[in-house]
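Visitor: I'd like to ask some things about the structure below.
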Amino acid sequence: MKYAITHHTAYTYSSGVALCHNEARLLPRETPWQQCGLSQVIIQPRPALSAERIDFFGNRVLYFAVQDIHQRLEVSVATRVQVLDNRPFAPDSPSPPWEQARQQLHEDSDADMIEARQFVLNSPFVASAAAFRDYASTSFSPERPLLEAMADLNRRINQEFTYDPHFTTVATPLHEVLKERRGVCQDFAHLAIACLRSLGLAARYVSGYLETLPPPGQPRLVGADASHAWLAIYVPGAGWAEYDPTNNCMPGEQHITLAWGRDYADVAPLKGVMTGGGSHTLEVSVDVEPQEARATPPDATAAATAATIAAEATAATAATPP
Amino acid sequence: MTDATAARLDSTAFAGSPLLADYRYPAAGYDEMYAASGELRPHWRPLIQTLDELGGEELENRHAEVQRLLQIDGVTYNTYDDPRGSPHLWMVDPIPLLMTGEEWSSLAGGLEQRARLINALLADLYGPRLSIRRGWLPPELIYAHPGFLPACHRSLPDGCRWLTFYGVDLARGPDGVMRVYGDRSQSPSGAGYTLENRIILARALPMLYRDAPLRRLATFLETERTTLAGMARHNPDNPHVVLLTPGPNSPVYFEHAYLANYLSLSLVEGEDLVVRDGRVWLKTLGGLRPVDVILRRVIDTFCDPLELRGDSLLGVPGLLQAVRGGHVAIANALGSSIIENPGLAVFLPQLCQQLLGEDLRLPSLHTWWCGNPSERSHVLAHLDTLVVRSILPGGTYWEGTLLDKASRARLIERIQAAPHLFVAQEPPPLSTAPVLDNGRLVPRPVMLRGFAVAEGEGYRVMPGGLARISSGLDTLQAALQKGGISKDWWVLAPTPQRHVSLLRQSYGPIMATRDGSDLPSRVADNLFWLGRYSERLDGTARLLREACGRLLEWEQDNTDERCLDDLLEALDIAVPPVAESPRARFFTLRQELLNLIIDTEAPGGLPQLFSGLLRTGRTVRSHLGDDSWRLLNRLQQRILEPPSGLGARQARDLLEDQSILLAAFCGLNNETMPHHQGWMFFDIGRYLERVLRTLDLFKLAFITARNPGLPLWEVVLTITDNMTAYRRRYRSALHPTAIIDLLLFDEGNPRAVGYQLYRLQRNIGRLQRPSSSPYRSAEERLILEALTILRLADIEALATLSNDSTRSSAELTRLLDALQVPLLKLSDALTHSHFSHAEVPRQLITM
């Protein structure tokens, strides 16, 4: 599926900002299942300096500095992306028993496996703990195939947790999410990652977008979409399999990948440090517009849930992605 | 001491030496001075002979002299846990630790190789990561360590140096082998203390140092400077090199200021720097000045709140991007703290083979990494004899022998939960070296801190370094926090070496500069406050002195009690009810006054004011002369360590003493600091504070006084030290109009408001302004306003003050109030014009 994606962010400050340095991870990365056209980036006021680079995790990062006094900063990124239906794993893909996968991950000297082991370790937002291991162990029963257990964990998070954009912020501890059984897409992805790492498995955080479909009979609303987040689990020797606990599915053509890392801290879409500014307000809008007619309707469940989420997230000024 | 462990006493010519009479070292150990045969090692003999000639008593005298010199030079080590925040004095043992030139050459070769290895390892870890991908290093050891900074990945162009400065902790075991206890790659401290130790000891023990055949340190520091300058990508002929310090609260701030001075670098804090147009700039009074090279003494994770720790206030936003752009060079490169990971010791021999194709020459202390299952089982099985360390920064360790059952179980649980975060070591007893103790030499375990600096393609190793008394468990920082003792480490040379000081040499062409416009704005701000604090301290001390004096007179004669009330009011002391018996009242008041003089907790008291003065003074250490600094150290003793059991009389004497020292401090600054921008801020601070206090004093004496009249007028004259001036000029009884002329209108009397305003106007007019506007700045307008109000005052209307004339009194009130208005705005105006670009950046909430 081909998409035109527009991600617009605006900060308005109560007093002038004399200088700001920023990093944006808003340019989608190229993958075997995702081809990216040119991105158009518009930053107002015009940055004195900008530079693109590839970070440690292979993501595209845009650094820019605004040196003129300003009270409003707007960052708008428009990209054309084609997502193919060839992600390496499907719901019925075979996988070894999870204990065997874990052992292989930790003992094999293959370079990919060695690199994947960094995603078992604690990261800024996700630390292993017995509570997460206990929650996961229901799904990860002895000898169960890795991906079957993962799909079950994905389903349980989806079913046992309430999507609630008013409950959490970026700073809400994961233990609280587990205790209250509430959160948004970012929390669910972090939670699943914590569960897997607590079992000694490797998991990474993926940030991106999800195409949302309007309720039947209604026109598509421009700008009603939002950033999205899911996770990927490492299958030794086979690669990374993606799961979206918010929608109880495996990401497909509707999931557009921006960046991945150990957790949200590695892939925050926009961050900055400024001098001056006072208090500020934030506006975010995301638009994922399909560029071709749909041959077959996509998975109805996923799309419907996503539409609700997007509407709620917009209502909550979309300070955090779902 | 039993026969088994007790020592063999020397049977040579030194057997009778009283210095060595008590020197008993463990028989199983290695002593630096005595060989196993029980004889003095040959390279120690000339030293012992010289020490013997001096004798124990004289050595103790010299030791006291060493500590005195350290005290007056202000050589300190700050501790975080000291409630008063006053720094600890650096302790130095006068007996050097000797090493032969041959042994050092081989040691230096090992250190040089380790430095190259670490540089190659950093280049690999932040580049291709072959050491991880090919299995020479377990990924957990690197990726779980907070010193590995993914943001620094490929931040330096290929071929760039990652490690410029290298520090190493070394110790010798009973087998005589030197081993590395820790590699310091971040911003190794100690080179400055090493140099200061050498300089102070050479002053206190000239006969020992003058012609000693020891390798000198100056050429090493010269290399440090050349290497730093050589890193500049811009201005290669005259690069701007700065030393980035976390500030005066850093435990080793003394060293930062010392090295900046010795190497002629600008001493800067994060907020002095800004990244614009991809380059790093120093904010100065004259505008932004480009920075080419940063000698970094801030932990790398704190250096850039954009890409590293977002909560850091010590860093510079955008710094890492400026590094990537190649516009600024940092020593050591950001990301180097990953090396300070004790687990790496296990893998260095193999890494040395793989990365350098060489055998590792200098071994590390034997280390087991618990991330490896077989090593973990060894550690758990031998926990009782091992020392377990966390690989994380902070140096936490557990001594197996000291663990009780419960804490042992807890430790095992922690290791098993995250084994990759732990290592274990079995530190052997360290070699012993002689230390002076009560006029005798006694053996104490020692560790060494060595240093290397990049030079050309390799590294130059400092011939010597810092020795310290240590059990081998604590890091240098931790040991110093506990008040450790350091020693000078000598490397012997075949012939006497000339003593060279870097300070006396010039290096190539230098651009003469004089105007001081390159003064960092923050430094100007601090000099301004240094002036304000010194005057505030002086004013309060003078008020207290008068109050103590009146209290003492009151003891004999009741007449002055009333004026004491007004003084108490000026000091913000609640006047006790008259109902109290005079005796009780005396003691209450005395206690209140003493609190302000000695209580470190009393708000507005002398200790707090002095702490403010000292804190500000330390941030501008490099702008004060050494003599001024010695006076501050002496004042610190007087104010923060007053004699106990102080009465009112002793308190008054102490205050007089303080006033003189403080006057000497300000006077020396006037005589020593060049009268350019920095000094002007100091002077403006002083006179602004003084004029505000003088106006307050006038209000107190002539307007708000509860008990107006002669005694209070007298107080005004004594506080301002103008009694004799008054007498000489008027030869009459006190008259308020005359006092007002002397202390308000006189533009030639430094204690008079007129002079103070005149001086403020002169210096404010000479301040350099960032913009070249033809109009008067806000601060110029304010001071002009104040001076004009004074000059246009209706002096006639004030002439009848003594007659209780309401007209005169109202006129004075009006005048004093009118003067205060512009003066109270002046401080803010100065801040806005000259210090405001020192604004602190903050993080934008991420989304």
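Visitor: Express the Stokes-Einstein translational diffusion coefficient of segment B:684-790 in µm² s⁻¹, to the nearest whole number, given a Kirkwood radius over alpha-carbon pairs, 4 °C and a viscosity of 1.567 mPa s.
Guide: The Stokes-Einstein estimate is 86 µm²/s.
Visitor: On a 0 to 90 degree scale, rounded to 10, what angle separates helix B:45-54 from the longest Cα axis of chain B?
Guide: It is inclined by approximately 30 degrees.
Visitor: Hey, another quick one. Within 10 Å of each Cβ in peptide A:169-175, how many partner chain Cβ atoms are there on average? Round it to a whole number, please.
Guide: 1
Visitor: Additional query: Restricting everything to alpha-carbon atoms, can you work out Rg to Rh for chain A with a Kirkwood hydrodynamic radius?
Guide: Here the Rg-to-Rh quotient is 0.97.
Visitor: Could I ask something else about it? Once fully extended, how much extra length lies between B:His378 and B:His676, figured as 0.36 nm per residue of separation less the alpha-carbon to alpha-carbon distance?
Guide: So the chain would gain 100.6 nm between B:His378 and B:His676.
Visitor: Please compute the net charge surrounding A:Leu105, taking Lys and Arg as +1 and Asp and Glu as -1 over other residues with Cβ under 13 Å from its Cβ.
Guide: -4
Visitor: For B:Ser622, what charge total do you get from the other residues with a beta carbon under 14 Å from its beta carbon, if Lys and Arg give +1 and Asp and Glu give -1?
Guide: Every neighbour counted, the sum reads -3.
Visitor: Compute the helix-to-body angle for A:300-315: its Cα long axis versus the longest principal axis of chain A, expressed 0 to 90° and rounded to tens.
Guide: Once rounded, one gets 40 degrees.
Visitor: Sticking with this structure for a sec: In the P(r) worked out for chain B, what percent of Cα pairs fall beyond 40 Å?
Guide: Above the 40 Å cut-off, chain B has 48 percent of its Cα pairs.
Visitor: Pop a pseudo-label 7 angstrom from the Cα along the beta-carbon direction at both B:Arg762 and A:Asp134 and give the gap in nm to one decimal.
Guide: 7.8 nm
Visitor: Okay, moving on. Taking neighbour Cβ counts within 10 Å as the exposure measure, how do A:Cys36, A:Cys249, B:Cys160 sort from fewest upward?
Guide: The most exposed by this proxy come first: B:Cys160, A:Cys36, A:Cys249.
Visitor: Follow-up question, since we're still on this one. Considering the dipole of chain B built from charges on the beta carbon (Lys and Arg +1, Asp and Glu -1) around the Cα centre, which of B:Leu217, B:Gln820, B:Gly357 is farthest to its positive end?
Guide: Among B:Leu217, B:Gln820, B:Gly357, the one farthest towards the positive end of the dipole of chain B is B:Gly357.
Visitor: Sort B:Glu65, B:Glu224 by Cβ crowding within 10 Å, fewest neighbours at the top.
Guide: B:Glu65, B:Glu224
Visitor: What is the distance in Å between the Cα centroid of segment A:78-149 and that of segment B:87-107?
Guide: Between the Cα centres of segment A:78-149 and segment B:87-107 lies a distance of 54 Å.
Visitor: Which angle from 0 to 90°, rounded to the nearest 10, does the C-alpha axis of helix B:778-791 make with the longest principal axis of chain B?
Guide: Helix B:778-791 sits at roughly 30 degrees to that axis.
Visitor: When Cβ neighbours within 10 Å are restricted to other protein chains, what is their mean count per residue of peptide A:13-23?
Guide: So the per-residue partner count for this stretch is 4.
Visitor: Tell me the Rg and the Dmax, in Å, that the Cα atoms of segment A:83-182 produce.
Guide: Rg, Dmax (Cα atoms, Å): 15.8, 45.
Visitor: How compact and how long is the protein assembly as shown, expressed as Rg and Dmax of its alpha-carbon atoms in Å?
Guide: Cα radius of gyration and Dmax of the protein assembly as shown are 35.6, 111 Å respectively.
Visitor: If you count, for each residue, the other Cβ atoms within 10 Å and average over each peptide, how do B:442-452, A:161-171 line up from highest to lowest?
Guide: Ranking, from highest mean packing down: B:442-452, A:161-171.
Visitor: Taking the Cβ of A:Asp55 as the center, what net charge do the other residues with Cβ under 13 Å away carry, scoring Lys and Arg +1 and Asp and Glu -1?
Guide: Residues close to A:Asp55 contribute a combined charge of +4.
Visitor: Something else now. Given 0.36 nm per residue, what is the gain on full extension from A:Gln44 to A:His166 after removing their alpha carbon distance, in nm?
Guide: 40.9 nm
Visitor: List the relative contact order of chain A as a percent without decimals, with contacts defined as Cα pairs under 8 Å and 6+ residues apart.
Guide: Taking the mean separation of contacting Cα pairs over the length of chain A, I get 27 percent.
Visitor: Now, a different point. Restricting to Cα pairs below 8 Å that are 6+ residues apart, what does the relative contact order work out to for chain B? Please round to a whole percent.
Guide: 14 percent
Visitor: Can you tell me, using C-alpha contacts under 8 Å and at least 6 residues apart, the relative contact order of segment B:366-426 as a whole percent?
Guide: Relative contact order, segment B:366-426: 49 percent.
Visitor: Given +1 on the Cβ of Lys and Arg, -1 on the Cβ of Asp and Glu, and no further charges, what dipole in debye does chain B carry about its Cα centre, rounded to the nearest 20?
Guide: 1400 debye
Visitor: Continuing with the same structure: Tell me, what is the FRET efficiency for B:Asp572 and B:Asp599 to the nearest 0.05, using R0 = 22 angstrom and their Cβ-Cβ distance as r?
Guide: 0.95
Read-outs: derived from the displayed coordinates by stated rules, not from any lab. This is a predicted model, so every value here is computed, not measured. Ideal geometry is used to build each Cβ from the backbone, glycine not excepted, and the neighbour counts take in all protein chains shown.
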